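Here's the structure, in structure tokens; my notes come after.
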Amino acid sequence: MNLKGKRVLVTGGSSGIGLAIARIMVAKGAQLVISGRRPDVLDAACIELKAGGGAVWSVPADVGTSEGRSATLSKALDALGGLDVLINNAGGVRAGRLEATSEDEIQAMVMVDLLAPILLTRAALPALRASGDAVVVNVTSSIALIGVPFYTTYAAVKAGLARFG
């Protein structure tokens, strides 16, 4: 896919893998919206990406919430005028023995790493279909293929996201 002029949304785009993806998208000429939970980190990423000549917007939001997904998609559609590429990258990991992992931590991983991408993709489908040349990318992990001690829940949700893709 030629990315020049493509309208791209990257969740979790303010750091790590998401920021690396955003840098590549900008270098390839894509128009970009990045989302993230930490406004200060998000602002710094946006400034960096714009300095590279990119058409970049940001939205501080937690895609693990209904409000955050709605704000993220709304900002992307408003800023870009549509959507060609959705990159579900936002995620969180908590390592440790399963019996020492709280129910809240387990629910957070399931929500952010699995349910949020499914729900955001569902919400974005009309815009993606209207594009005529769209793609959804789900960032998972090699841990989805081979479990690793102390990452039980993370491995399960990443495997689920891989199968969703």
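Some notes on this structure:
- Surface/4 estimate of mean projected area, convex hull on alpha-carbon atoms of the range 1-67, nm²: 4.3
- Near-label residues of the range 88-107 by backbone N, under 12 Å of a point 7 Å along Cα→Cβ of Val41: 90-93
- Here's how it looks for Asp62: its modeled amide H is under 5 Å from those of Gly68, which are all 5 or more places away or on a different chain.
- Charge dipole of the chain (Cα centre as origin; +1 on each Lys and Arg Cβ, -1 on each Asp and Glu Cβ, all else neutral): 540 debye, rounded to the nearest 20.
- Rg over Rh, two decimals, the chain (C-alpha only, Kirkwood Rh): 0.98
- Kirkwood hydrodynamic radius of the range 83-142, from inverse mean 1/r over distinct Cα pairs, in Å: 13.0
- Apportionment of accessible area to carbon and sulfur, the range 29-145, percent (1.4 Å): 53
- Gaussian network model of the chain, springs between alpha carbon atoms under 10 Å - residue of Asp62, Asp104, Asp43 with greatest fluctuation: Asp104
- 3J(HN,Hα) along the range 145-162: 8, 9, x, 10, x, 6, 10, 3, 5, 4, 4, 5, 6, 5, 5, x, 5, 4 Hz, from the Karplus curve 6.51 cos²θ - 1.76 cosθ + 1.60 with θ = phi - 60°, whole Hz, x for Gly and Pro.
- Each Lys or Arg adds one and each Asp or Glu subtracts one; over the other residues with Cβ under 12 Å from the Cβ of Gln107, this totals -3.
- Under 5 Å between amide hydrogens, built in the peptide plane, is the criterion, and for Val137 it picks out Leu86, Ile87, Asn88 among residues at least 5 positions away or on other chains.
- Phi-derived couplings, Karplus 6.51 cos²θ - 1.76 cosθ + 1.60 at θ = phi - 60°, listed residue by residue for the range 40-46: 5, 5, 4, 4, 5, 5, 5 Hz, with x used for Gly and Pro.
- The HN-Hα couplings worked out from phi for the range 57-64 by the Karplus form 6.51 cos²θ - 1.76 cosθ + 1.60 (θ = phi - 60°) are 10, 10, 9, x, 7, 9, 5, x Hz, whole numbers, x standing for Gly and Pro.
- Dividing the summed helix terms, -39500 (n - 2.57) for each DSSP H run of n ≥ 4, by the number of residues in the chain produces a 222 nm estimate of -14500 deg cm²/dmol to the nearest 500.
The values are calculated or read from the model by the stated rules, or taken from the named source; none is laboratory data. All values reported here derive from a predicted model rather than from experimental measurement. Cβ sites come from the backbone with ideal geometry, for glycine too, and all protein chains shown count toward neighbours. Remember, those area values only see protein heavy atoms, side chains included, never the ligands or the DNA or RNA. Shrake-Rupley method; radii C 1.70, N 1.55, O 1.52, S 1.80 Å.
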